[in-house]
Amino acid sequence: MKNVLIIGSTGQIGSELTMELRKRYNGNIVAGYIPGQEPKGDLLESGPSAIVDITNEQQIAETVSKYEIDTIYNLAALLSAVAEAKPQLAWKIGMGGLFNVLEVAREMNCAVFTPSSIGVFGNNTPKDKTPQDTIRNPRTMYGVTKVSGELLSDYYFMRFGVDTRSVRFPGLISNVTPPGGGTTDYAVDIYYEAVKTGHFVCPIAAGTYMDMMYMPDGLRAAIDIMEADPSRLVHRNSFNIAAMSFDPETIAASIRKYIPEFTMEYKVDPLRQSIAESWPNSLDDTCARNEWDWAPTYDLDMMTQDMLRVLKAKFN
Ligand code: AKB
């Protein structure tokens, strides 16, 4: 029996992770949301939900107590591009929110998963096959909150024994809930536009490589790291994980295998482009493979086939 609170359950990761956790565990899997972002459909009907604003420690504590929560998935965050537009709010949610979650976890004995990101790396980090333990000097507020979050989560583990664990997500590609305000979002939008209009205006320049992952692998990573044998974990916050690395030309070519008439033009967004250029081309995920048997399932072509199948059924 497992009782889990997902904070940010209606977002890109949360909407699918909550359903996956409900399939796997038969305890209280509580969909935490903020007013205006209420759960709908299956997410609402398949289990309990509660208003949980991450900036409100009391509200988190009350929900943890009411549902006897043992694990918190802390998914509330502003993504990289939107965090540059609202740096103060990004810090309040990313760091203030994490501090609230960790305090509740310390007092009420919960394990905590907080996603980190390829955004923890910066211009001085080795770009190719970026090692697990290396320079983390981001120049974005998103990256600053993610690095600080990794450090704070490790501190709570070492100082108070809170069972904190995390992975550094690459760009996550999914067909259920769209992301909002990320640098890697183009790799989601391109599939929607390929199916809906056959044409895509790309905000990221040709030749810009970033790590990406299909959502089913991302969900498995988030669950497997929390189930991993703690005695094998040398690292905790946070593990490099990788599945595929591509630039806009490569993903467009993959789509053209199944939609030959698909066309793409470039209108580069300077903010997203500068963030993308500061991130690695590809990560080395050896530590995750060795310490908790991480391995991705989907490569680019498998993901393209599945994305196009689902989106064609949705829109055609
Ligand atoms: C973003 O682009 O901001 C996120 C991320 C890679 O963390 N998808």
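The values are calculated or read from the model by the stated rules, or taken from the named source; none is laboratory data. Model, not experiment: these values are computed from the prediction. Neighbour counts are summed over all protein chains in view; Cβ atoms, including those assigned to glycine, are modelled from backbone coordinates with ideal geometry.
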**Prompt:** Going by the conditions given, is residue 246 of a type in the set (Phe, Trp, Tyr), within 16 Å of residue 169 (Cα to Cα), in contact with a strand residue (DSSP E or B) (Cβ under 6 Å, 6 or more places away or on another chain) and within 16 Å of the ligand (Cβ to nearest atom)?
**Reply:** no
**Asked** For residue 232, all conditions in the list (1) loosely packed, with under 15 Cβ neighbours inside 10 Å; (2) modelled with pLDDT under 95 hold save one; what is the number of the exception?
**Response** (2)
**Prompt:** Residue check: is residue 310 under 30 Å from residue 149 (Cβ atoms), away from the ligand (no atom under 16 Å from the Cβ) and surrounded by fewer than 21 Cβ atoms within 10 Å (Cβ to Cβ)?
**Reply:** no
**Complete:** Scanning the stretch 110-133 residue by residue, the ones that are away from the ligand (no atom under 13 Å from the Cβ), within 16 Å of residue 149 (Cβ to Cβ) and either exposed (fewer than 14 other Cβ atoms within 10 Å of the Cβ) or small (Gly, Ala, Ser) (or both) total 2
**Prompt:** Which of the residues spanning the stretch 236-268 are surrounded by 18 or more Cβ atoms within 10 Å (Cβ to Cβ) and farther than 12 Å from residue 212 by Cβ?
**Reply:** 236, 237, 238, 239, 240, 252, 255, 262, 264
**Unmet criterion (only one of (1) touching a residue at least 60 places away in the same chain (Cβ under 8 Å); (2) over 17 Å from residue 182 (Cβ atoms)) for residue 249** = (1)
**Index of the failed condition, residue 93 passing every other in (1) within 14 Å of the ligand (Cβ to nearest atom); (2) buried (at least 23 other Cβ atoms within 10 Å of the Cβ); (3) closer than 30 Å to residue 65 by Cβ** = (2)
**Asked** Within the stretch 25-82, how many residues are farther than 23 Å from residue 146 by Cα, without any contact (Cβ under 8 Å) to a residue 60 or more places away in the chain and among the hydroxyl-bearing types (Ser, Thr, Tyr)?
**Response** 5
**Item:** Breaking point among (1) loosely packed, with under 14 Cβ neighbours inside 10 Å; (2) modelled with pLDDT of 95 or more; (3) not acidic (Asp, Glu), for residue 315
**Value:** (2)
**Request:** Select from the stretch 165-183 the residues that are buried (at least 19 other Cβ atoms within 10 Å of the Cβ) and either more than 9 Å from the ligand (Cβ to nearest atom) or of a type in the set (Phe, Trp, Tyr) (or both) and list them in ascending order.
**Result:** 165, 166, 167, 169, 173, 174, 175
**Lone qualifier among 156, 186, 191 - being more than 14 Å from the chain's Cα centre (by Cα) and within 11 Å of the ligand (Cβ to nearest atom)** = 186
**Prompt:** When you scan the stretch 122-239 for strands (runs of 3 or more DSSP E) that lie fully inside it, which ones turn up with 3 or more residues that are touching a residue at least 24 places away in the same chain (Cβ under 8 Å) and over 26 Å from residue 8 (Cα atoms)?
**Reply:** 199-202
**Complete:** Among 29, 13, the single one that is in the same structural domain as residue 119 (by the TED database), over 25 Å from residue 171 (Cα atoms) and either of a type in the set (Val, Ile, Thr) or under 15 Å from the mean Cα position of the chain (by Cα) (or both) is 29
